[in-house]
Structures are given as C-alpha cells and as structure tokens.
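The values are calculated or read from the model by the stated rules, or taken from the named source; none is laboratory data. Just so it is clear, the structure is predicted and the values come from calculations on it, not from any experiment. Here the Cβ is made from the backbone with ideal geometry for all residues, glycine too, and neighbour counts use every protein chain on show. For accessibility, only protein heavy atoms count, side chains too; no ligands or nucleic acids. Shrake-Rupley method; radii C 1.70, N 1.55, O 1.52, S 1.80 Å.
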Amino acid sequence: MLYLPGGKAEPQETDLDAAIREAHEETGLRVSPDDVDPFGVVLEPAHGQAPGTMVAMTLFLVRPGGPLDSATPVASAEVDEVEWVTSADAGRCPPAGVETLRRLVAAERID
C-alpha cells in the first residue's frame, strides 16, 4: 500500500502545523507556512478500519519555487521508501490517496 505523507495533529497543533511537522518527520523536508497553500479536505473510507470508519484528510500544496524545488525527500524511521507518483499509481493507494490523486490531476498538478 502506498500512503501519502501525513498524520494526525498533536494537541494544540493546527492542520497546517501538523502538515509541516509530518513533512519533516516523514521526508526530511522543511517548509514554512508561507510555502504552503490549502488544497481541500478529502473524506473517504479509512483503509484497514471497520466498515463505516471514515478518514478526513486535510490537503496542502507546497508552492512552486519554494524550498522543495531544490530539496530531495528521504525516507525516515516512519517511512520505508519515498516515491514520486502519478495517477497511474492510484491502484496502490487507499481510498483517501486515490481521491487525492484525482484532485491533483483535476488541478493539473500531476500527470
């Protein structure tokens, strides 16, 4: 299964704070709030959970020209491998990942 970088917000942490922290923890990339734009919320069935369990995933995009243009993501202790993906990888993703890829294609961000 292929998962996108992410995780749950800690107490007193905003979704944006969590996205920035998780990006660093899982890929080693450092971004600032000024580099990040909201991209919506995905609400889909939670992979591997009881039927009817839903996941709400807040999405963010890192603005082109920011620090990621010259950075290389690396796997961390929490991540086995880092891969660049396209919509062709949707079959390897849980439902929230499939919907995220669909939205990225619709926004002309991938493929």
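Brief remarks on what is shown
- Selection of region 99-109 for residues being of a type outside the set (D, E, K, R) and either in contact with a Leu (Cβ under 6 Å, 6 or more places away or on another chain) or open to solvent by less than 60 Å² (accessible area, probe 1.4 Å) (or both) yields T100, L101, L104, V105, A107.
- Total residues in region 67-98, condition part of a helix (DSSP H, G or I), open to solvent by less than 60 Å² (accessible area, probe 1.4 Å) and small (G, A, S): 4
- Taking every residue in region 1-15 that is within 17 Å of E81 (Cβ to Cβ) and pairing it with any residue that is of a type in the set (K, R) and open to solvent by 70 Å² or more (accessible area, probe 1.4 Å), at least 6 positions away or on another chain, the pairs with Cβ-Cβ distances below 9 Å are M1/R92; L2/R92.
- When residues of region 8-19 are limited to those that are surrounded by 13 or more Cβ atoms within 10 Å (Cβ to Cβ) and part of a loop (DSSP other than H, G, I, E, B), the one modelled with the highest pLDDT: E13
- Region 20-61, subset of a type in the set (S, T, N, Q) and not in a loop (DSSP other than H, G, I, E, B), residue most open to solvent (accessible area, probe 1.4 Å): T58
- If the condition is being under 14 Å from the mean Cα position of the chain (by Cα) and modelled with pLDDT of 90 or more, then region 27-43 contributes V36, D37, P38, F39, G40, V41, V42, L43.
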